[in-house]
Amino acid sequence: MTGIKIDKAFSDFKNKQLNSLQEINNKLEKDNILLKGDINEYQKLYVQSLIDSGSLEYASGKVIINSDWIPNDFLLRQLTLGQGVYSGPTALYLWGLSDEFPYTVYMTFKMGYKLPRTYTEWSSNVSPRQVNKQYLKDQISELKVEGTEYRISLFSMEKTLVEILREPYVLDTNLVNTAYKRYLKIVNKDTNKLLRIAKEMRSLNKVVNRLEPLL
């Protein structure tokens, strides 16, 4: 009887291991990304063997990716930092409302957040802004990334267009003018939404003054 129990326990353990390893394979096939914190005890040695063989690599201390996948740095930065929403000129670039590559990355975080010292390759060029939780939750959009189901989080087009009329962004008149002109050329633009958000953010007059010469 004892032998039967041992055999069953071994079989159950083996099945758990196999299921856990299959979960890793499925996730890599779907997402090309593994978060280190999501890897359980059954999976650690298997993942390490994939890293040793060159099939996987560390993008940061928190994020592991398929070696043959072309990663998106904006997504990897968010996954590494654990939070933060792209805003300002960086959000404009991601929306295609600007061609100026964001060498300085503008991100908005909840009040009290501090950039980690351990991931300087992902945080050294970040210009952080802290806001209350409600402001951070309003008008959040997501952008798809090829090869994964993870998404980039950023402020909506309309909220971003209102934000850039504030300092220091508004000082870059070329950036602002280009963004508004491109937005107005979008087929499914929603100027009513833009005006509503501008009113909520107490910037209605600024947005109207920017729109009128272009309409």
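No lab work stands behind these numbers, since they all come straight from the coordinates. Keep in mind that this is a model prediction, so the values were computed, not measured. Backbone-built Cβ (ideal geometry, glycine too); neighbour counts: all protein chains shown.
Taking a Cβ cut-off of under 15 Å around residue 192, the surrounding Lys, Arg, Asp and Glu residues balance to a net charge of +2, with basic ones at +1 and acidic ones at -1.
Each label was represented as a point 7 Å from its Cα along the Cα-to-Cβ direction; for residue 151 and residue 130 these points are 2.8 nm apart. Looking at the range 73-214, the DSSP beta bridges with both ends there are about 55 percent antiparallel. Taking the inverse of the mean reciprocal distance over all distinct Cα pairs, the Kirkwood hydrodynamic radius of the range 56-162 comes to 14.3 Å.
The packing ranking, built from the mean of other Cβ atoms within 10 Å per residue, places the peptides 29-39, 180-190 in the order 29-39, 180-190, highest first.
The fewest-to-most ranking of 23, 167 by surrounding Cβ atoms within 10 Å reads 167, 23.
Taking amide H positions as modeled 1.01 Å from N, with prolines and chain starts lacking one, the residues under 5 Å from residue 141 and 5 or more places away or on another chain are 154, 155, 156. Considering only 50, 28, 92, the Gaussian network model of the chain with Cα springs below 10 Å gives its largest mean-square fluctuation to 50. Axis of helix 191-200 versus longest Cα principal axis of the chain: the two differ by about 90°, to the nearest ten degrees. Per-peptide packing, taken as the mean over residues of other Cβ atoms within 10 Å, places 124-134, 104-114 in the sequence 104-114, 124-134 from highest down.
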